Ligand SMILES: *Cc1c(COP(=O)(O)O)cnc(C)c1O
């Protein structure tokens with residue numbers, strides 16, 4: 001092996017990054033798999049999006065529209081926004097990275113919540129910055145802790161609202177209080193990946209705050225309620241000066257033509273979105289109540305997933321539950337990367353999957369009772 005100095009070296013910090021580990025999608029020796037590990041919708045995409053995707057097979061030799069015009073116009077029409085204040089990305093992950101790369105440099109800090117989305121520390125470190133973590137209370141973002149974590153080196157605050165993997169949210173009044181407490185040069189990133197699912201009167205995704213501020217952006221995704229995770233489509237709404245900065249550093253054709261066409265069709269299909277929401281309303285409540293009734297603690301969620309806490313008692317741990325569920329074809333998300341080793345995250349699935357989760361958890365908990373001595 002040649003000495004390390006004789007070969008190319010990544011920038012300082014790159015090798016400190018823990019690479020993102022996606023939710024599992026297989027279990028050995030099991031015929032039927034229910035993937036409940038990545039918050040994908042059990043309803044799949046709108047049939048209109050599928051049709052648009054298929055039609056995109058014509059013209060594969062041509063570069064896509066580098067400005068994602070049709071998609072931005074469809075998003076603008078749906079939400080009543082100015083398309084010039086929108087930028088699309090290869091998933092909102094790309095937009096989060098672009099934000100970090102544009103606003104964070106070596107020595108700078110990015111603030112996030114204790115159980116905030118794991119993509120944030122990756123994006124902050126990849127840009128050469130340092131993630132600064134604010135403690136949560138009861139798995140909920142603590143605005144005072146976030147504000148206390150801000151220093152003169154802070155460039156960006158990342159807030160997932162609702163948050164993944166906790167499923168909790170903070171009311172819009174708290175988001176506004178956070179914004180009011182930030183210095184004007186700090187960029188507040190509102191990641192509203194699950195906004196469509198939230199049924200709370202005191203919640204808002206943040207469109208209004210973006211419209212009236214120079215230092216707030218909102219990111220959204222087609223990966224969750226729209227059922228297009230595979231196509232990688234996200235969008236950002238922000239002030240013109242931020243959109244301009246991101247447009248300068250993104251790759252020229254960052255969203256492919258099939259994604260542009262399918263995304264534009266998906267966001268216009270109100271009936272499909274309503275069906276996905278109705279399914280989630282029903283089964284989120286059902287799973288929360290059934291799993292709680294088994295004696296497990298469930299963090300109240302407003303998203304399309306649940307954080308389930310397991311006892312540390314041998315035979316009943318999250319790790320053992322994960323293995324047991326996987327043997328029955330149920331793939332959940334283990335949360336070691338989030339420092340939540342005693343919890344699993346469950347995506348709301350089809351009726352069949354949801355019922356199977358509850359019956360399998362029930363047999364796991366009863367079968368795994370510790371032997372009496
Ligand atoms: C799933 C998710 C996203 C979406 O990521 P994409 O890159 O758009 O697929 C963004 N933020 C959070 C908090 C998420 O859970």
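Every read-out reported here was derived from the displayed coordinates using simple, explicitly stated rules and does not represent laboratory data. No experiment lies behind these values; they were computed from the predicted model shown. Positions of Cβ are generated from backbone atoms using ideal geometry, with glycine treated the same way; all protein chains shown enter the neighbour counts.
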Practice task
Could you work out how far helix 91-103 tilts from the main Cα principal axis of the chain, as a 0 to 90 degree angle to the nearest 10?
Solution key: 50
Fill in the blank from the handout: Most exposed to least, judged by fewest other Cβ atoms within 10 Å, 65, 138 sort to 138, 65
Practice task
Report, in degrees rounded to the nearest 10, the 0 to 90 angle that the Cα long axis of helix 318-327 makes with the longest principal axis of the chain.
Solution key: 80
Practice task
For the chain, find the longest principal axis of its Cα atoms and tell me its angle to the long axis of helix 351-367, 0 to 90°, nearest 10.
Solution key: 50
Completion exercise
Highest GNM mean-square fluctuation among 345, 220, 282, for the chain with Cα springs under 10 Å, belongs to 282
Exercise for the section: At 0.36 nm per residue, minus the direct Cα-Cα distance, what do residue 214 and residue 51 gain on full extension? Give it in nm, one decimal, please. Expected result: 54.8 nm
Fill in the blank from the handout: Rounded to one decimal in nm, the spacing of the 7 Å Cα→Cβ label points at residue 20 and residue 240 is 3.2
Practice task
Considering Cα pairs under 8 angstrom that are at least six residues apart, work out the relative contact order of the chain and quote it in whole percent.
Solution key: 23
Completion exercise
GNM on the chain, Cα springs under 10 Å; top mean-square fluctuation among 170, 308, 33 goes to 33
Problem - Residue order, fewest to most surrounding Cβ atoms within 10 angstrom, among 214, 109 - result: 214, 109
Fill in the blank from the handout: Taking 87, 273, 267 and counting other beta carbon atoms within 10 angstrom, the fewest-first order is 273, 267, 87
Completion exercise
Placing each pseudo-label 7 Å from Cα in the direction of the beta carbon, residue 355 and residue 32 end up separated by a distance in nanometres of 1.0
Handout entry: Residue with peak Gaussian network fluctuation, the chain [Cα springs, cutoff 10 Å], from 131, 47, 239
Key = 47
Fill in the blank from the handout: Note to self, the chain gives a 222 nm [θ] from helices alone (DSSP H runs n ≥ 4, -39500 (n - 2.57) apiece, / all residues, nearest 500) of -11000 deg cm²/dmol
Exercise for the section: Please figure out what share of the DSSP beta bridges in the chain is antiparallel and state it in percent, rounded to the nearest 5. Expected result: 50
